[in-house]
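The values are calculated or read from the model by the stated rules, or taken from the named source; none is laboratory data. Please read all numbers here as calculations on a predicted model, not as lab measurements. Methodologically, a virtual Cβ is constructed for each residue, glycine included, from the backbone with ideal geometry; neighbour enumeration extends over all protein chains shown.
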Amino acid sequence: MDYRKLFADIRQRPGMFGLDGSYHDYCTFLHGLDFGNDRQLLTGFRESLIPRVGDGDNLTWEALVLHLAFPDRTQGWRDEAAGAGQEAVNDLLFSLLDEFFEKRGQPRGTAAIFDEYLTWLKAQSWYRR
């Protein structure tokens, strides 16, 4: 299945997929797709976001997307994602997913994602080998 096309269709017409267009609905839908693919569909997505955020090794991919959408906020992301900033968060989510699937589709794509993550991880002052 071409997930990049599916995600573009979902973003353009969420109602056709039973979604209300909220960040929460999109995340729930993505989790369902991931579980339906033996939790392999989003393998590496979280790890692709951590070096980009520069923090958040303890966070889920949903929270990392919110960190990227609202870099100056330390709290209240969920309220913002459900309010006025919803379109920006959703656009960012689908843009990040598209980049992720493009990168994963390249030779050694998943390995490259994890290599970048491990390089970031080993550079952290708190990391112990």
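Kindly indicate the residue of the range 73-91 that is surrounded by fewer than 20 Cβ atoms within 10 Å (Cβ to Cβ) and of a type in the set (A, V, I, L, M) and also modelled with the highest pLDDT among those meeting that condition. Let's see the steps before the verdict.
Step one: of the range 73-91, the residues surrounded by fewer than 20 Cβ atoms within 10 Å (Cβ to Cβ) are 73-80, 82-88, 91.
Remaining after also requiring of a type in the set (A, V, I, L, M): 82, 84, 88.
On the way: 82: 58, 84: 58, 88: 81.
If we take residues in the range 73-91 being surrounded by fewer than 20 Cβ atoms within 10 Å (Cβ to Cβ) and of a type in the set (A, V, I, L, M), then 88 is modelled with the highest pLDDT.
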| Selection within the range 104-123 - surrounded by fewer than 17 Cβ atoms within 10 Å (Cβ to Cβ) and either in contact with a Leu (Cβ under 6 Å, 6 or more places away or on another chain) or closer than 19 Å to residue 54 by Cα (or both) | 112, 114, 115, 118, 119, 121, 122, 123
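If I filter the range 7-18 down to residues being under 15 Å from residue 90 (Cα atoms) and part of a helix (DSSP H, G or I), which single residue comes out as nearest to the chain's Cα centre (by Cα)? Break it down stepwise before answering.
Within the range 7-18, the first condition is being under 15 Å from residue 90 (Cα atoms), and the residues that meet it are 7-15.
Filter once more, keeping what is part of a helix (DSSP H, G or I): 7-12, 14-15.
Details: 7: 12, 8: 15, 9: 17, 10: 15, 11: 14, 12: 18, 14: 18, 15: 21 Å.
Looking at the filtered set, the residue picked out is 7.
Can you pull out the residues in the range 110-129 that are of a type outside the set (Ser, Thr, Tyr) and either touching a strand residue (DSSP E or B) at 6+ places or on another chain (Cβ under 6 Å) or touching a residue at least 60 places away in the same chain (Cβ under 8 Å) (or both)?
The initial filter retains those residues of the range 110-129 that are of a type outside the set (Ser, Thr, Tyr), namely 111-116, 118, 120-124, 126, 128-129.
Scanning the range 110-129 gives 113, 114, 116, 120, 121, 124.
The rows are residues; the columns are (1) part of a helix (DSSP H, G or I); (2) crowded, with 16+ Cβ neighbours inside 10 Å.
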{"position": "20", "(1), (2)": "no, no"}
{"position": "25", "(1), (2)": "yes, yes"}
{"position": "42", "(1), (2)": "no, yes"}
{"position": "48", "(1), (2)": "yes, yes"}
{"position": "58", "(1), (2)": "no, no"}
{"position": "66", "(1), (2)": "yes, yes"}
{"position": "71", "(1), (2)": "no, no"}
